[in-house]
1. What angle, in degrees between 0 and 90 and rounded to the nearest 10, separates the Cα long axis of helix 250-261 from the longest principal axis of the Cα atoms of the chain?
2. With each pseudo-label sitting 7 Å past Cα toward Cβ, what's the Glu375-Glu212 distance in nm, one decimal?
3. Straight-line reach from Lys12: which aspartates and glutamates have Cα under 20 Å away, leaving out those fewer than 8 places along the same chain?
4. Report the relative contact order of region 252-380, percent, no decimals, based on alpha-carbon pairs under 8 angstrom and at least 6 residues apart.
5. Any idea how many Lys pairs in region 141-249 come in under 23 angstrom at the alpha carbon, given 8 or more places apart or on separate chains?
6. What is the helix-to-structure angle for 269-280, meaning the angle in degrees between its Cα long axis and the longest Cα principal axis of the chain, kept from 0 to 90 and rounded to the nearest 10?
7. Report, in degrees rounded to the nearest 10, the 0 to 90 angle that the Cα long axis of helix 282-305 makes with the longest principal axis of the chain.
8. Given labels modelled 7 Å from the Cα in the Cβ direction, how far is it in nm from Ile48 to Lys328?
Amino acid sequence: MKHRFISKKYWKEVGTPFGSTNEKAARFTDCINLSIGDPDLITNKRIIDGAYEDALKGHTRYTNMYGDPELRAEIRKFYKEEYDLDIAEDEVIVTASGLLAMYSIMQVILDQDDEVIIQAPFFTPYTSQVKMAGGIPVELDTLEEEDFQINVDRLESLINERTKAVIINSPSNPSGSCLSVDTMKKLAQVAEKYDLIIIADDIYTSYSFEKEFVPFMSMPGMKERTITINSFSKNFIMTGWRVGNIIAPSYIIKVLKDMSENIIYSAPAPSQRAAIYALRYRKEVQPPVIEEYKKRMNYAAERINSIPWMSVMTPPRGSFYLFINIKKSGLSSAQASEMILDKAHVLLLPGNAFGRCGEGYLRLACTVGIEKLKEAFDRIEKITVDK
Ligand code: PLP
């Protein structure tokens, strides 16, 4: 909105398509909302109990600005146990969410007009976050016919002297793709050749259904040029706790700490305690959740592929999103999403909300149980599309 009391930089809206989903869903009382990636499950009781008991014991105050020392130790232990990676104490900082982590990183690394290449289709806020830090987002299209892998020739064609970083997200929101080790090796060579930083938004790592997740920073020589974002939101069903962390070279972590000191001081103490229990009990709390999402993804994928004007890659590779190809319908993403909402009362997000290569797709978040998914597809398959 244009108003003297609002900074001119916000006169043009910076909201995302996610901002209007509640309004859209409210159009129909029986709407099945498959738009937002907020899991319907709740945080495991052991995690909640642990945080509650620790809050009663006094973990209700600011923590160290780098994060609760016990949580930082637990994160480092996690990396050693899971990936045999040694993370030094000064290479990790706790943040109040993955979103704030990415925003802070952009503020720390970008000078005016620096370019950031973004693996597309992408999590919508990335472009605004780059712009808010004075940078220029550049979309790197990935294509279904290439398994949504990063095409290194396409990447190289976008690099110039202003390019500073590449954002990758694997498993990806929204495409569900998981970068292969071969792709990551090639990406590492490009990063080395052009002296780039890779920002790995490692948010859905537990939901890597086909192959074990491999962190980009484990590629040879890449620890020095990777900034890794972790969040407890999706991997541990903790979206409301707002807690995540960043792993990066110590000189970057130091600046992130200095900046955070002026913004938030520390992430919420009880949420950090919850994160400790999430990591400690992960072998117990994660498998049933992963199994549930995998079941839903397989079910939804089968239903999608039985509808003549829809298709999706099978088996689902990762994340808890399905990126549905609707090109056969002849409709645009926006038209298809509106039509499905109007006729079936099911809310899916248009794929172009995730970058230009998302045109011709819809994103479905598997954040309801199979029964609800069944109802949604029973309604969608009744729609006839006139070409
Ligand atoms: N990155 C990606 C790729 C996401 O999909 C999301 C949330 O949907 C986030 C970051 C934000 O996560 P957080 O809840 O930690 O802010």
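1. The angle comes out near 80 degrees.
2. In this crude label model, Glu375 to Glu212 measures out at 4.1 nm.
3. Within reach: Asp113.
4. 20
5. Taking the Cα cut-off of 23 Å, the pair count is 12.
6. Tilt of helix 269-280: around 80 degrees.
7. 20
8. Each label point lies 7 Å from its Cα, and together they span 4.3 nm.
Laboratory data are not the source of any read-out in this text; all were calculated from the coordinates shown. Treat the numbers as computed from the prediction; the structure is a model and nothing was measured. Heads up, the Cβs are rebuilt from the backbone with ideal geometry, glycines too, and the neighbour counts pull from every protein chain shown.
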